[in-house]
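Q: Before I ask anything, here is the structure I am working with.
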């Protein structure tokens, strides 16, 4: 099944990167089942996935080191693991429109290969590897920092948002200690890389502050900060 030209263009637009060598992108999107089933293509994405995994880990590690000076090594390791897990990568890839561009063999196509987290997340890592080969580390870093990490953080928030906000709400309600609200205090940064600051308020008093790429992630961080200050949650940055 050939990759449609428009799906590749949409993917490049979402990544904010245009390939000089489009064949690298096509290889990154080619699953082993397509090579085996087609008989004409000899190259699949496993080697690019291997490379992209290393580039992604490097750039995410650098991002955490530079943007979170308060984090200790153990907390950074756990945070990185949550960001680059299969589930988060799959969610980010879906938002980017990557599954529609995959080249799969008939068997995988018939069994829902485009919806399999393992196939889709591996392909995203392969695309990162392809960007690295096509444009070098700086371009790969820019795509990862400006696009991929933002989506990975949003995916992590979708998974953990209920934990922190619900725990804080339940704590407040159980103790009958006041009214819990969230307030957006500021928005900074360029349009494509905004940073939101959200405060958690208890009866009008600030009990937590959080920053994030969107209001949801900032609110989640504010709830987490409040839980730490209230002694309900352990501060991972001190671990």
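Coordinate-derived values only; no laboratory data. The shown structure was predicted, so the numbers you read here are calculated from the model rather than taken from an experiment. Every residue, glycine among them, receives a Cβ derived from its backbone with ideal geometry; neighbour counts consider all protein chains shown.
Q: If I take every Cα pair under 8 Å that is 6 or more residues apart in the chain, average their sequence separation and divide by the length, what percent do I get for the relative contact order?
A: Numbers: 375 pairs, mean separation 48.5, N = 239.
Here the relative contact order equals 20 percent.
Q: Mind checking the full-extension length gain between residue 214 and residue 185? Use 0.36 nm per residue of separation minus the Cα-Cα distance, one decimal, nm. Walk me through the numbers on the way to the answer.
A: Working: separation 29, 0.36 × 29 = 10.44 nm, distance 1.26 nm.
Gain on extension, residue 214 to residue 185, equals 9.2 nm.
Q: Sorted from fewest to most neighbouring beta carbons within 10 Å, what does the list 127, 209, 143, 187 look like?
A: Working: 127 31, 209 16, 143 21, 187 11.
The fewest-first ordering by Cβ neighbours comes to 187, 209, 143, 127.
Q: Out of 44, 68, 176, any idea which swings most in a Gaussian network model of the chain, alpha carbons joined below 10 Å?
A: The residue with the greatest mean-square fluctuation here is 176.
Q: Using alpha-carbon pairs under 8 Å, 6+ residues apart, how would you state the relative contact order of the stretch 33-174 in percent? List each step's numbers first, then the result.
A: Values: 132 pairs, mean separation 51.8, N = 142.
36 percent.
Q: Moving on. With everything on Cα atoms, drop me the angle between helix 86-96 and the longest principal axis of the chain, reported from 0 to 90° to the nearest 10.
A: 70 degrees
Q: Classify the stretch 69-152 as rounded, prolate or oblate, taking a ≥ b ≥ c as the square roots of the eigenvalues of its Cα gyration tensor: rounded when a/c is under 1.5, otherwise prolate if a/b is larger than b/c and oblate if not.
A: Details: a/c = 2.72, a/b = 1.56, b/c = 1.74.
Taking the square roots of the gyration eigenvalues as a ≥ b ≥ c, the stretch 69-152 is oblate.
Q: Where does helix 149-175 land angle-wise versus the long Cα axis of the chain, in degrees 0 to 90, nearest 10?
A: Once rounded, one gets 30 degrees.
Q: Using Stokes-Einstein with the Kirkwood hydrodynamic radius over Cα pairs, what translational diffusion coefficient do you get for the chain at 20 °C and a viscosity of 1.002 mPa s, in µm²/s rounded to a whole number?
A: Working: Rh = 19.3 Å.
The diffusion coefficient I find is 111 µm²/s.
Q: What angle do you read, to the nearest 10 degrees and between 0 and 90, between the alpha-carbon axis of helix 5-15 and the longest principal axis of the chain?
A: On a 0 to 90 degree scale, this one is about 30.
Q: From Cα pairs below 8 angstrom and at least 6 apart in sequence, can you work out the relative contact order of the stretch 160-238, rounded to a whole percent? Kindly include the intermediate steps, with their values, before the conclusion.
A: Details: 139 pairs, mean separation 19.2, N = 79.
Worked out over the stretch 160-238, it gives 24 percent.
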